[in-house]
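Just so it is clear, none of the values below were taken in a lab; they were calculated from the coordinates. Worth saying up front: this structure is predicted, and the values here are computed from it rather than measured. As a convention, Cβ positions derive from the backbone with ideal geometry for all residues, glycine included, and neighbour counts pool all protein chains shown.
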Amino acid sequence: MSIKSIQVYVDKYSMKYLFFISSFFFTQFCLASAKVCVEGSELKVYSNLIFYGSKSQNSGAACAKEIHKMFNTSSTTINVGGKDLKVKFEVSYQIESEEAAIASININKRVENNYIRIEDKAENQEWGRSNHILGGNCGFYAFVDKLGSSTTCAHEFAHGLGLRHYNERSDNGYGHNGDLRGKGAPGIMAARGFIVDKKYQYDINASPGQAGGTINPKTRVVRSEDIKDLNLETLNFDDDGCAPLGTVTGFGYESDGDVTTGNNWYVFDALDYINDSLLGNLSEPIYCR
Ligand SMILES: [Zn+2]
């Protein structure tokens with residue numbers, strides 16, 4: 001065998017090997033908004049939240065659990081293709097290093113993977129606090145928003161699924177004027193400043209609209225109508241009964257809130273990712289129950 005043919009053989013072999021490993025890891029571990037699948041009498045909404053950043057260990061798990069719980073509280077049925085299906089959210093999460101998360105974002109093609117940085121605040125962004133790209137898979141959540149016990153995670157996640165605040169929609173529906181008095185517990189897409197019945201205010205004795213007289217976000221609930229607003233029945237389901245909801249926007253955040261795409265060399269990110277997988281440096285999704 002000549003040197004050249006050995007080289008060709010090695011190249012061929014290593015490419016095959018790389019292809020094998022990458023396809024294995026990308027399907028097994030590279031699980032972004034959500035993937036929606038018809039499964040028996042249920043319509044399952046799969047979302048995997050990949051947390052990174054200095055406060056991800058402190059509140060990532062609680063954040064994912066809040067989302068899972070709040071989105072499964074209402075019993076909602078959607079008709080898809082003539083069949084009534086019960087909507088069930090399947091939320092999982094991973095806590096990753098910044099390096100692994102950014103590398104994964106650059107090679108991710110899965111709409112159910114959401115990349116969320118958790119820091120105290122986004123110092124370099126005018127939004128400063130928690131924010132999730134509308135209908136996208138990237139977010140920056142602020143630890144100061146009491147993630148996991150304030151409904152902030154469920155609210156931001158709903159933005160990721162494509163929902164806008166009630167008063168930012170083009171219709172004259174529920175909450176369009178920022179006033180939910182007489183409507184019971186406020187829906188999850190009510191923003192700060194909404195007027196609500198007194199028991200849902202920061203201060204139940206305050207006058208509506210005055211200091212303390214606006215919505216305490218903690219009192220928000222995911223209503224059946226909020227899930228219906230996702231228009232899951234209009235998605236394009238493939239032969240396996242699954243459809244993407246949202247898009248793969250593909251970027252990360254620096255600790256101060258600046259947007260980053262890491263390095264732009266797809267192949268290096270892919271190799272880094274495979275290497276981290278082989279070394280066992282990557283976490284696996286933990287399903288909320
Ligand atoms: Zn919002």
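Listed values, structure above:
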item: DSSP-defined antiparallel bridges as percent of all bridges, the range 78-167, nearest 5; result: 50 percent
item: Cβ-based exposure ranking for His155, His176, in which fewest neighbours within 10 Å come first; result: His176, His155
item: Dipole magnitude of the chain, debye to nearest 20 (Cβ charges: Lys/Arg +1, Asp/Glu -1, about Cα centre); result: 740 debye
item: The chain, helix-only ellipticity at 222 nm - DSSP H runs n ≥ 4, -39,500 (n - 2.57), divided by all residues, nearest 500; result: -8500 deg cm²/dmol
item: Footprinting exposure proxy for Ser33, Ser59 (fewest neighbouring C-beta atoms within 10 Å first); result: Ser59, Ser33
item: Cα convex hull of the range 205-289, projected area averaged across orientations, nm²; result: 11.9 nm²
item: Residue order, fewest to most surrounding Cβ atoms within 10 angstrom, among Thr151, Thr214, Thr77; result: Thr77, Thr214, Thr151
item: Of the chymotrypsin sites (Phe, Trp or Tyr not before Pro) in the range 65-144, those whose Cβ has at most 15 other Cβ within 10 Å and which sit in DSSP loop; result: Trp127
item: Whole-Å distance, taken between Cα centres, linking the range 222-237 and the range 56-134; result: 17 Å
item: Set of aspartates and glutamates near Lys121 by C-alpha distance (under 16 Å), chain-local residues within fewer than 8 positions excluded; result: Asp145, Glu156, Glu254, Asp256, Asp258
item: Size of charge dipole - the range 30-188 - debye, nearest 20, with Cβ of Lys, Arg +1 and Asp, Glu -1, no other charges; result: 440 debye
item: Rg/Rg_globular for the chain, with Rg_globular taken as 2.2 N^0.38 Å and Rg from C-alpha atoms; result: 1.13
item: Table column - 3J(HN,Hα) (Hz), the range 153-166, Karplus curve with 6.51, -1.76, 1.60, x for Gly and Pro; result: 4, 5, 5, 5, 4, 5, 4, x, 7, x, 8, 9, 4, 4
item: Long-range Cα-Cα pairs in the range 93-252 (distance over 27 Å), rounded percent; result: 31 percent
item: Sequence-distant residues sharing a close amide H with Val221 (under 5 Å, placed H); result: Gly187, Ile188
